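J.: Quick one: the structure is below, and I'll ask about it shortly.
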Amino acid sequence: MINRDEKEMSIQEIVHDMKIGWNLGNSLEAPAPDYLGALLIDYETSWGNPKTTKKMIQEVINAGFNTIRIPVTWGKLMGKGPEYRIVSEWMDRVQEVVDYAYYEGVYVILNIHHEDQWLYLGNVDAERNAVEILDKLWKQIARRFQTYDYHLMFETMNETRLIGNADEWTAGTAEARRTINRFNETAVRAIRSAGQGNVDRPIIIKSIGARYNVEAIRDVVVPDNDRRILLSIHVYEPYQFCMVSGQTAQWGTREERKELSKLINDASAAAQEKGIPIIIGEFGTINKNNEDVRAEYTAYFVQEAKKRGITCILWDNNIEENEYGYSIFNREKLTWRFPRILRAVIENS
């Protein structure tokens, strides 16, 4: 049941209060169905996940998570310019899922995700078009949720980057980072202009590609020196352990721990230089039949982030194994596939 504290909290107090989060991955941001006559539900389930239910979200919250990130792709159900109007039934469905968590009293992060058809870098005309769409899209979202309080946060984008470029998964280029700043600024101003709860709503901005590199973070510009802004990065490191099937299933040497601590510390220090709180919006490890090692990694990761005042949000896509197997929660059975990883997340947050 919702129970709101009316005291206005600083953005750093909010980050602290968020504690630990879980991603509703591969659902509302799944790609559009590739067949004619698709129903609305087919847009949510096209990656094989079941329809999201209130019971799913309640089970996640009951397990100890108090922040739910809801990735959403809007472009697949958005009209053409100049209005770029979101299909009303899709907006209604997104709001329904948001409400599953929001009215349980937890924090909710709503973003735009997988918009690679129009939100990308490296093409001047495409970037100009993206600015126009970002403005129209965020104004619509913000108006729909204008009565919601600070427990609902908006995240300007996901991993916008130089797709196919040699710099795609680095800090990019100086020009590309400037464009990301323009995208963040456009989204923030659109949200603020929608009024009511959006005037002081916490807004999450992104570095290029959501990168943790010091260079990427240092070039982030906080739009209008807004004091209700925080930065989100994504960390799947070491890459061979966290993301690559068939590569090492082991982690935990003294040197590996030292490297992970340095990565988190450097990102935190770079954000502090900017005067902006930081969260880790995605992290996780794929299943290689190594639950004990994954739990050890997860515990250490969350501990190191917590030392620096960083909230972590676990990526979970309801896939149990293979190169995409990040799931620890079974959405069909409402059970926890990897209880040791769950304990590592909750007990160390």
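The values are calculated or read from the model by the stated rules, or taken from the named source; none is laboratory data. Just so it is clear, the structure is predicted and the values come from calculations on it, not from any experiment. Methodologically, a virtual Cβ is constructed for each residue, glycine included, from the backbone with ideal geometry; neighbour enumeration extends over all protein chains shown. With ligands, DNA and RNA removed, areas are computed over all heavy atoms of the protein, side chains included. Shrake-Rupley method; radii C 1.70, N 1.55, O 1.52, S 1.80 Å.
J.: What ranking of Thr253, Thr53, Thr156, Thr147 comes out by heavy-atom accessible area, probe 1.4 Å, highest first?
T.: Sorted by accessible area, descending: Thr147, Thr253, Thr53, Thr156.
J.: Then there is this: Give me the distance in nm between label points sitting 7 Å out from Cα along the Cα-to-Cβ direction at Asp17 and Trp118, one decimal.
T.: Rounded to a tenth, the inter-label distance reads 3.4 nm.
J.: R0 = 22 Å: FRET efficiency of Glu96 with Gln196, Cβ-based, nearest 0.05?
T.: Numbers: r = 20 Å, r/R0 = 0.93.
E(calc), rounded to 0.05, equals 0.60.
J.: Right, here's the next one. Only helical DSSP H runs with n ≥ 4 go in: add -39500 (n - 2.57) per run for the chain, normalise by residue count and round the 222 nm mean residue ellipticity to 500 deg cm²/dmol. Numbers along the way, then the final one.
T.: Working: 11 runs with 135 residues, N = 349.
That calculation yields -12000 deg cm²/dmol at 222 nm.
J.: Shifting gears a bit: For segment 50-136, what is the relative contact order in percent, using Cα pairs closer than 8 Å and at least 6 residues apart in sequence? Don't skip to the answer; put the middle values down first.
T.: Details: 81 pairs, mean separation 30.5, N = 87.
Relative contact order for segment 50-136 comes out at 35 percent.
J.: For the chain, calculate the relative contact order in percent as a whole number, restricting contacts to Cα pairs under 8 Å that are 6 or more residues apart. Don't skip to the end; give the middle numbers.
T.: Details: 652 pairs, mean separation 60.4, N = 349.
Once divided by the residue count of the chain, the mean separation gives 17 percent.
J.: Just to verify a number: what accessible area does His16 come out at with the full protein assembly present, 1.4 Å probe, Å² rounded to tens?
T.: Looks like 150 Å² after rounding.
J.: Please work out how much accessible surface Glu104 shows to a 1.4 Å probe, ignoring ligands, DNA and RNA, in Å² rounded to 10.
T.: Estimated to the nearest 10 Å², Glu104 gives 50 Å².
J.: At 1.4 Å probe radius, can you tell me the per residue accessible area of segment 128-249 in Å²?
T.: Values: 4670 Å² over 122 residues.
Accessible surface, normalised per residue, equals 38 Å².
J.: Long-range amide H contacts for Leu152: which residues qualify at under 5 Å (H placed 1.01 Å from N, peptide plane, sequence gap of 5 or more or a different chain)?
T.: Val108
J.: For Glu89 and Thr53, FRET efficiency with R0 = 22 Å and r from the beta-carbon atoms, rounded to 0.05? The partial results should precede the final answer.
T.: Values: r = 18 Å, r/R0 = 0.81.
Computed FRET efficiency for Thr53 and Glu89 comes out at 0.80.
J.: What accessible surface, in Å², does a 1.4 Å probe find on Ser268, ignoring ligands, DNA and RNA and rounding to the nearest 10?
T.: 10 Å²
J.: Give me the extension gain from Asp125 to Glu323: residue separation times 0.36 nm, minus the current Cα-Cα distance, reported in nm with one decimal.
T.: Roughly 67.8 nm would be gained on extension.
J.: Anything in the chain that counts as a DSSP H helix reaching 15 Å or more along its axis (C-alpha) with Kyte-Doolittle mean of at least -1.0? List them, would you?
T.: Working: long enough: 88-102 (20 Å, -0.67); 124-144 (31 Å, -0.61); 174-193 (29 Å, -0.78); 254-274 (30 Å, -1.31); 291-307 (24 Å, -0.97).
Helices meeting the criterion: 88-102, 124-144, 174-193, 291-307.
J.: Would you mind checking which residues have amide H under 5 Å from Ile278's amide H? H placed 1.01 Å from N; only 5 or more apart, or other chain.
T.: Result for Ile278 returns Leu231.
J.: Could I ask something else about it? Each label point is 7 Å from the Cα along the Cα-to-Cβ direction; what then is the distance between the points at Glu273 and Lys80, in nm?
T.: Distance between the two pseudo-spin positions: 4.6 nm.
J.: If the cut-off is 16 Å between C-alpha atoms, which lysines fall inside it for Lys139, apart from same-chain ones fewer than 8 positions away?
T.: Excluding near neighbours in sequence, the set is Lys80.
J.: Here's a follow-up. I need the GluC sites (Glu not before Pro) found in segment 262-349, filtered to DSSP loop residues with at most 15 other beta carbons within 10 Å of theirs.
T.: Details: sites: Glu273, Glu282, Glu291, Glu296, Glu304, Glu320, Glu321, Glu323, Glu332, Glu347; in loops: Glu320, Glu321, Glu323, Glu332.
Those that pass, being in a loop and sparsely packed, are Glu320, Glu321, Glu323, Glu332.
J.: Of the accessible area of the chain, with the probe set at 1.4 angstrom, what percent is carbon plus sulfur? Show your work: numbers first, answer last.
T.: Working: 7000 of 14850 Å².
Carbon and sulfur: 47 percent of the exposed surface of the chain.
J.: Take the Cβ-Cβ distance between Thr335 and Lys307 as r, set R0 to 51 Å, and report the resulting FRET efficiency rounded to the nearest 0.05.
T.: Numbers: r = 32 Å, r/R0 = 0.62.
Working from the Cβ atoms, E equals 0.95.
J.: I would also like to ask the following. Tell me, what ³J(HN,Hα) does each residue in segment 81-86 have, in order and in whole Hz, if you take phi through Karplus 6.51 cos²θ - 1.76 cosθ + 1.60 with θ = phi - 60° and put x for Gly and Pro?
T.: x, x, 8, 6, 6, 6
J.: Here is a further query. Pick the calculated semi-axes √(5λ) of the Cα gyration tensor in Å for this structure from (i) 56, 27, 20; (ii) 28, 24, 21; (iii) 36, 23, 20?
T.: Matching entry in (i) 56, 27, 20; (ii) 28, 24, 21; (iii) 36, 23, 20: (ii).
J.: Same structure again: At 0.36 nm per residue, and after removing the present C-alpha to C-alpha distance, how many nm does the segment from Leu40 to Met9 gain when stretched out fully?
T.: Numbers: separation 31, 0.36 × 31 = 11.16 nm, distance 3.76 nm.
Full-extension gain reported as 7.4 nm.
J.: Using amide H atoms built in the peptide plane, which far-off residues or other-chain residues are under 5 Å from Leu314 H to H?
T.: So Leu314 has HN proximity to Gly21, Trp22, Asn23.
J.: A follow-up question, please. What number comes out for the charge environment of Tyr84, summing +1 per Lys or Arg and -1 per Asp or Glu over other residues with Cβ under 15 Å away?
T.: Numbers: positive: Lys76, Lys80, Arg85, Arg128, Lys136, Lys139, Arg143, Arg144; negative: Glu83, Glu115, Glu132, Asp135.
Surrounding charge for Tyr84 is +4.
J.: Considering the chain as a Gaussian network with a 10 Å cut-off on Cα pairs, which listed residue, Gly197, Gly275, Gly37, attains the greatest mean-square fluctuation?
T.: Gly37
J.: Then there's this: Using 0.36 nm times the number of residues separating Arg254 and Asn62, minus their current alpha carbon distance, what extension gain do you get?
T.: Numbers: separation 192, 0.36 × 192 = 69.12 nm, distance 3.45 nm.
Taking Arg254 through Asn62 to full extension adds about 65.7 nm, to one decimal.
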